[in-house]
Amino acid sequence: MQYFLQLLISGLAIGAIYGLIAMGFAVIYKSTGLVNFAQGEMTMITAYIAWTISTTVSGNVFVVAIGAILAAILLGLIIERVVMRPMLGEPVFATVMVTIGLAVILRSAINFIWDAYPHGLDVGMGRDIVRLGGIGVRTGQVAVIATLLTLLAAIWAFFRYSKIGVAMRAVAADDRTALLMGISATRVHALAWAASSVIAGIGGVFFALSYDLSPAMFQLGLKAFPATILGGLDAVLGSGIGGLLIGITENLAGGYVSSGMKEVAGFLMIIVVLMIRPFGIFGERDIERV
Amino acid sequence: MPTTIPIPRPSAAPQPTAAPDSLLEFRNIRVVYDNAIEAVRDVSIAVPEGGIVALLGSNGAGKSTLLKAMSGILYTEEGVIESGSIRFRGEDVHHLAPDELVRRGIVQVPEGRRVFASLTIEENLQMGGYTRSNAAARERRDKVFALFPRLHERRDQIAGYMSGGEQQMLAIGRALMTDPKLLALDEPSLGLAPLIIDRIYEVIVRLRDELKMTVLLVEQNAQRALDIADYGYILETGRVVLDGTARKLAANEDVQEFYLGVSSSGRKSLRDVKHYKRRKRWLS
Ligand SMILES: Nc1ncnc2c1ncn2[C@@H]1O[C@H](COP(=O)(O)OP(=O)(O)OP(=O)(O)O)[C@@H](O)[C@H]1O
Ligand SMILES: [Mg+2]
């Protein structure tokens, strides 16, 4: 039981990171109809910026958090404005290729701007162990799970109650008619890129906090993408939950079956789920538009 | 395609020098899609303030294209205004972005209603009021609910589950939320039962008479439209082939033969009339 809970908690913690990045994918897909293949790389950049802030400005957790969020917003806005907006109206295939190109560029930017060595992000907390019902858990793990749950609630409320949140759903439902109502798609898209960058970036910072920071971190995107497919590419909350499910499945399979199963288990679950629900557990829309 | 001998149009003469009281005016508009398909050629239409103008024509005549040009959304379909202009309150507006056009008071209820299916009725209306302040939108919403009590009853329901008639009311209500001066409706009677069409048309008349709204009514259903319109234009393959007061159009032999009293399945077109016959009639 102890062992099970331990696996469950650490599965939830890594799953929460996948979930945050998966939500990043879903926010962009939902409002622009695109899969952003640079999501993992954007996440990595934000984590590196957080590390730079912690080593040069201040290691205070609030300074790092606020700095990283602002940097992520800026990153999302710049990419939307400079790279994505000129592609508006171009074929989806071409636009998705652009995100793949962007991914490669951002990946090598890490080596130019920073370096190729692993680093540890230290904000003076997150690595201490607390005891929860007899098992030891790192505070960073508790924090990331709590953050994911808080964001799930906040995003639910945002899409339901805020005018711009409803507008994002309207654009997702029918962008041309949204245009006829005077809803500016470019503003909605800019907001989506900024929000996606922040949500995923938070996941990246937590990863750097609990594990390490290295130029291989973009691979988190490859882990999170299946999570968003599982939860539903158009389902922001579903993607967050998809991340948790994959994290738990991986950890339990790795702990009880074999460590080799860890990689496979998540994908096995995805295949089975997609056979039953092709658009993901919480997905609604025909995703062939990708 | 019939021969392209220019057909004189007696009633077209006073038109380009349009009356200054036109709220909206299309001037010699030509629209091309994909650099190849000419959907509208040299169309001039004037919509005077406070009136209902009917724009009639069969499938593919270019009616919706004109409305897309009016709303500035042609670019979403690779369409461009090749020449001509659209004027609203005496100003050129065809270069403006869709949201700016809405802010100025031009809105359309698109063909097929296009409610936001996954949003509630209330959220659909909220989106209509997107360009307005929250306080103004709330006020408008109460007016829309007064006009369509049905929408109020079902305000929390998902729009996609409503009947066609209710969706049409919602689409009109949503457009009214923008606080328009000019309301264009693209085939509001499409696919609705006669009784429901009556209701929708009653509302359109009330909009003109009580709210002093200017209406551009696009229809294939010429009978209904000419019943309430003040003036009408008939569009065929991208050209205005006939225009006049609604009464005059309703009395016109060709219009009667091809647009009125013909079941929609058996609808023919003015195009099918022999060319000499058309010419003779328009000259008479
Ligand atoms: N996006 C588009 N790309 C290319 N051609 C188009 C496009 N939209 C419309 N057309 C063409 O332009 C012409 C006019 O179409 P439009 O939709 O304006 O007609 P309409 O009068 O609204 O017809 P309906 O009564 O069927 O709605 C048609 O020949 C149509 O095929
Ligand atoms: Mg049409």
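Return the residues of the range B:39-68 that are open to solvent by 50 Å² or more (accessible area, probe 1.4 Å) and either closer than 19 Å to B:Arg224 by Cα or near ligand 1 (Cβ under 8 Å from one of its atoms) (or both); say none if nothing qualifies.
Hits for the range B:39-68 are B:Asn59, B:Gly60.
Do we have any residue at all in the range A:146-154 that's assigned to a loop (DSSP other than H, G, I, E, B), small (Gly, Ala, Ser) and either touching a residue at least 24 places away in the same chain (Cβ under 8 Å) or under 20 Å from A:Met23 (Cα atoms) (or both)?
For the range A:146-154, residues assigned to a loop (DSSP other than H, G, I, E, B), small (Gly, Ala, Ser) and either touching a residue at least 24 places away in the same chain (Cβ under 8 Å) or under 20 Å from A:Met23 (Cα atoms) (or both): absent.
Taking the range B:104-123, which residues are more than 7 Å from chain A (Cβ to nearest Cβ) and among the acidic types (Asp, Glu)?
B:Glu111, B:Glu122
Hey, can you tell me all the residues within the range B:53-75 that are more than 8 Å from ligand 2 (Cβ to nearest atom), among the polar types (S, T, N, Q) and either at the interface with chain A (Cβ under 10 Å from one of its Cβ atoms) or part of a helix (DSSP H, G or I) (or both)?
B:Ser71
Which residue out of B:Arg9, B:Arg87 is more than 16 Å from ligand 2 (Cβ to nearest atom), more than 14 Å from every other protein chain (Cβ to nearest Cβ) and at pLDDT 95 or above?
Just a single option satisfies the conditions, and that option is B:Arg87.
Do any residues in the range A:170-190 that are more than 7 Å from every other protein chain (Cβ to nearest Cβ) have Cβ atoms under 7 Å from those of residues that are of a type in the set (Val, Ile, Thr) and open to solvent by 10 Å² or more (accessible area, probe 1.4 Å), where the two are at least six apart or on different chains, and which pairs are they?
Note: pairs meeting the criteria are A:His189/A:Thr32.
Report yes if some residue within the range B:94-104 is among the β-branched types (Val, Ile, Thr), over 14 Å from B:Gly173 (Cβ atoms) and buried (at least 19 other Cβ atoms within 10 Å of the Cβ); otherwise report no.
yes
Look at B:Leu101 and say whether it is of a type outside the set (S, T, N, Q), within 13 Å of chain A (Cβ to nearest Cβ) and touching a residue at least 24 places away in the same chain (Cβ under 8 Å).
So B:Leu101 fits the description; yes.
Is it the case that some residue within the range A:141-164 is touching a Phe, Trp or Tyr at 6+ places or on another chain (Cβ under 9 Å), modelled with pLDDT of 85 or more and either within 14 Å of chain B (Cβ to nearest Cβ) or exposed (fewer than 14 other Cβ atoms within 10 Å of the Cβ) (or both)?
Yes, the conditions are met somewhere in the range A:141-164.
Looking at B:Glu219, B:Glu202, B:Glu153, B:Glu139, can you tell me which residue is assigned by TED's automatic domain parsing to the domain that holds B:Pro48 and surrounded by fewer than 22 Cβ atoms within 10 Å (Cβ to Cβ)?
B:Glu202
What about B:Leu226, is it away from ligand 1 (no atom under 12 Å from the Cβ), farther than 20 Å from B:Gly50 by Cβ and buried (at least 21 other Cβ atoms within 10 Å of the Cβ)?
no
The values are calculated or read from the model by the stated rules, or taken from the named source; none is laboratory data. Being a predicted model, the structure only gives us computed values, none of them experimental. Virtual Cβ from ideal backbone geometry, glycine too; neighbours counted across all protein chains shown. Note: accessible area is taken over every heavy atom of the protein model, side chains too, but ligands, DNA and RNA are not part of it. Shrake-Rupley method; radii C 1.70, N 1.55, O 1.52, S 1.80 Å.
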